[in-house]
Structures are given as C-alpha cells and as structure tokens.
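What follows is a single structure, written as structure tokens, with notes after it.
Quick note: the coordinates plus some simple rules give every number you see, no bench work behind them. Every value quoted in this text rests on a predicted model; they were computed, and no experiment measured them. Methodologically, a virtual Cβ is constructed for each residue, glycine included, from the backbone with ideal geometry; neighbour enumeration extends over all protein chains shown.
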Amino acid sequence: MEFLVFLGRVLFSLLFLSAAVGHLVGSRQMAGYAAFMGVPASRAATVVGGVLLLLGGLSLLLGVWPDLGALLLVVFLVPTAFAMHPFWKKSDPITRRQTTTSFLKDISLAGAALMALGFFSLCGDDLGLTFTGPLFSAD
C-alpha cells in the first residue's frame, strides 16, 4: 500500500509541477490572460500562483510535509476556479460548457487535495515513503 500512495503522489503532483513551470516561465503571457479575466496585480498573482503550485507539487512528490503541500494546492485551486473560470458569466452555450468544465476540474482537484491533506494528517508517520511526517496532526 505504501507504494500505491507514493505512486499516487507522483502522478497527482505532475499536473501541478507542469503548471508551475508554465506560470513561472510564461508569467508574462499568463499574467496578460489573468488581467483580461480581471485579476488584480495579475503578474504578481501569476508568480505567486506558480510558487504555490511548485511548492505544493514538490511537497507531495517528495513527501516533505505532504499535508502542507496539499493545503497549498487548495489555496491555489479554489480562488483560481472562481477568478479564471466564471462560467456563470458566460452566455454562449459552448463557452459556458467549457468554462464550467474548467471550473469543476479545479474544484475537483481541490477536493482531492483536501482528501490528501486529511489522509496525511490522519496517518501521520505511519504513512511511509515520505521524508517527513505531516506538519498538521488530526489528533
């Protein structure tokens, strides 16, 4: 079972690490789109988002306070869902459907990250295949 948790951490973190690279390397382009969507201080928000993605993804991948890493991903995903995918503002049915899907993907990933946060907090040092135990404890 420890290997399955490790493999799940690796697979889950790939999306966030890839997105982190995009946010940090392509911050100018991403900030332009964020500004178009009405995000204030879009360049700073893009870089901060990239850092949250990088730290959260690395934390899960490496097993260094993976509960904190999962929390950092939730902190990124929930506001991003509302700021970047406001499906309720779209009138075109195709655009609304695409935006709804993107919104639900972010919210669903946030739900998975919350489950990971709870899982790591509950299992503590018994989890195995991590460098550290959880930062937070469910005790």
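Details
- With θ taken as phi - 60° and the Karplus curve 6.51 cos²θ - 1.76 cosθ + 1.60 applied, the whole-hertz 3J(HN,Hα) list for the range 108-118 is 5, 5, 4, x, 5, 5, 5, 4, 4, 4, x Hz, x standing for glycine and proline.
- Summing charges over neighbours of GLY128, with a neighbour being any other residue whose Cβ is under 14 Å away from its Cβ, gives -2 when K and R count +1 and D and E count -1.
- The angle separating the long axis of helix 42-62 from the principal Cα axis of greatest extent in the chain is about 20 degrees.
- Residue among LEU104, LEU61, LEU117 with the largest mean-square fluctuation in a Gaussian network model of the chain, springs linking Cα atoms under 10 Å: LEU104
- For the range 129-136, 3J(HN,Hα) computed residue by residue from phi via the Karplus equation (6.51, -1.76, 1.60; θ = phi - 60°) reads 6, 10, 7, 10, x, x, 7, 9 Hz, glycine and proline entered as x.
- R0 of 25 Å, Cβ-Cβ distance TRP88-ALA35: FRET efficiency to nearest 0.05: 0.75
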